[in-house]
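> First, the structure itself, so that you have it in front of you.
The values are calculated or read from the model by the stated rules, or taken from the named source; none is laboratory data. This one's a predicted model, so the numbers in the text were calculated from it and none came from an experiment. Reconstructed Cβ throughout: ideal geometry from the backbone, glycine too, with neighbour counts over all protein chains shown.
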Amino acid sequence: MTGSAVAQVQQPQQQQPQQQQPAQADSITDTELEKFADVTTESQKVQQKMRDEVDSMLAEQDMEMERFQKIMMSKRNPQMADSVEVSAEEEETMEAIQPKLMEMQQKSQQEMVSIIQDNDLQPQRFQQIMQAVRTNPDVMKRFQEITATGNGGNGPQN
C-alpha cells in the first residue's frame, strides 16, 4: 500500500518525458544486466526508506495511509475529485506535508541517480535497460537468470 502512495507522490514530479528508444536485446550485455540488478536492489532500499518516512510522517499527522492515498488520487484525477470529500483538517494536513513529500521525492531521485552512476551506468542507459527488461522476454529471462544466481555485478562477468 505504501508503495503506491510513494508512486503517487513521485508521479507529478517526473519532469523528463519517457520517450527513450528501448535498447535492442542483443545490445545489452550481461555485465549491464548485472549492474542493473545491483541498481534495482539498492533502489528498493531507497524506496523502502521513503515509504517508512511517509508512514512516519502520516502517523505524526494522524492520517491513515489508505485515506492519504484516496485524497492523493482524487487530487490527481479530475473524475475522482468530487467522489472524495476532504475535510478542512485533512486539507490542512495535506498542505502541511506536501512540501516535505516533495523534498523527500527530490532526495530520493538524487539518491537513485547516484546509485545508477555508482554502478557505472548512465540514467538514460538504465531507463533503456529497464524498458527492455519489461518488454522483451529474452532480456527479462536473462535478467531473471542473473538475479536468480545472485550475480548482480558481484560475480564473474560474462
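> Can you name the condition, by its number, that Ile146 falls short on among (1) touching a Gly at 6+ places or on another chain (Cβ under 7 Å); (2) exposed (fewer than 13 other Cβ atoms within 10 Å of the Cβ); (3) among the hydrophobic types (A, V, I, L, M, F, W, C)?
(2)
> If you don't mind, another one. Which of (1) basic (Lys, Arg); (2) farther than 14 Å from Ala37 by Cβ; (3) surrounded by fewer than 17 Cβ atoms within 10 Å (Cβ to Cβ) does Arg125 not meet, given it meets every other one?
Among (1) basic (Lys, Arg); (2) farther than 14 Å from Ala37 by Cβ; (3) surrounded by fewer than 17 Cβ atoms within 10 Å (Cβ to Cβ), Arg125 violates only (3).
> Right, another one. When the residues of the stretch 76-113 are filtered to those that are over 28 Å from Thr41 (Cα atoms) and among the polar types (S, T, N, Q), which remaining residue is surrounded by the most Cβ atoms within 10 Å (Cβ to Cβ)?
Restricting to residues being over 28 Å from Thr41 (Cα atoms) and among the polar types (S, T, N, Q), the top hit is Thr93.
> Being among the aliphatic types (A, V, I, L, M), touching a residue at least 60 places away in the same chain (Cβ under 8 Å) and surrounded by 17 or more Cβ atoms within 10 Å (Cβ to Cβ) is the requirement here; does Ile116 meet it?
Values: among the aliphatic types (A, V, I, L, M): yes; touching a residue at least 60 places away in the same chain (Cβ under 8 Å): yes; surrounded by 17 or more Cβ atoms within 10 Å (Cβ to Cβ): yes.
Yes; evaluated as a whole, the condition is true for this residue.
> For Gln109, which of the numbered conditions (1) under 29 Å from Val39 (Cα atoms); (2) polar (S, T, N, Q); (3) over 23 Å from the mean Cα position of the chain (by Cα) fails to hold?
(3)
> I would also like to ask the following. For the stretch 49-158, which helices (runs of 4 or more DSSP H) that fit wholly inside it have 3 or more residues that are in contact with a Ser or Thr (Cβ under 8 Å, 6 or more places away or on another chain)?
Values: elements: 65-76, 88-118, 123-135, 137-149.
Here the list reads 65-76.
> In addition: When the stretch 56-79 is examined, which residues are found to be over 24 Å from the mean Cα position of the chain (by Cα) and modelled with pLDDT under 90?
Gln79
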